[in-house]
């Protein structure tokens, strides 16, 4: 009995030893698998991150600033109707490229009395054939030609909310709906359209509203004004008939043409701002808006 019991006990101990060894082996194997899997998981995570980044980027440039603009259209340059401007918008200016290496500004933004009209951009001196580059990453929205206006010109919409316009080009190097990177050539400098000499007419617009490019770009120093620019919607101007720069009170003997000449505005502008026509009768004491 003792011998049989001893033999049985020996078998049991051997079986337990095998099971324990198998358990250790299985555990070791599992740990080895996990150790090998960890780098693979990290690699897959990196791949997933890259793919996700590319998808987000592709979506970003499919319809740049889609949350801001009502539509993507190739039918007009900068007409957005009565779309409300945001109360404020932080515009990212990083990742920029100066549209031209030239630093001389020939004409500034704003009303030009000598020509009696508003200038909606900056005129930068360039030579015919100079490379004109995209200011930011974006997508070309409009490419066109105006014989008595912009000449050959390009409009690009950017993810930061701005649209930039490049006019009087000698040649256009991009097509509508083409994605461009900051610094990509989009045209050649020229003198097409309503222009008295080779230059780049450069505009920056937000929802169609022209903003002074000098708020963002410092051409003389070939730099932007900062990493960001905070656009704040101007407060509605309070009606003040005493402000001679904005309003004019009609006097005896005044005519639209006389007022326009004296104030450096056009008759057309006076009519448009005041809801009148060239045939309208002016009343003494009537207040006209000038700008």
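The values are calculated or read from the model by the stated rules, or taken from the named source; none is laboratory data. All figures in this text were calculated on a predicted structure; none of them were measured in a lab. Cβ placement follows ideal geometry from the backbone for every residue including glycine, while neighbour counts extend to all protein chains displayed.
Observations, loosely collected:
- Restricting the search to strands (runs of 3 or more DSSP E) fully inside segment 189-291 and requiring at least 2 residues that are modelled with pLDDT under 90 gives 247-249, 287-289.
- Residue satisfying condition, being in a strand (DSSP E or B) and farther than 22 Å from residue 211 by Cβ, within set 145, 153: 145
- The condition (being on the phi > 0 side of the Ramachandran plot, modelled with pLDDT of 95 or more and in the same structural domain as residue 205 (by TED's automatic domain parsing)) is satisfied by just one residue among 110, 151: 151.
- If you filter segment 74-96 down to residues that are at pLDDT 95 or above and surrounded by 15 or more Cβ atoms within 10 Å (Cβ to Cβ), you find that the one that is farthest from residue 131 (Cα to Cα) is 89.
- Selection status of residue 136, farther than 18 Å from residue 185 by Cα, crowded, with 19+ Cβ neighbours inside 10 Å and in contact (Cβ under 8 Å) with a residue 40 or more places away in the chain: no
- In the set (1) more than 27 Å from residue 269 (Cβ to Cβ); (2) in contact with a strand residue (DSSP E or B) (Cβ under 9 Å, 6 or more places away or on another chain), the condition left unmet by residue 109 is number (1).
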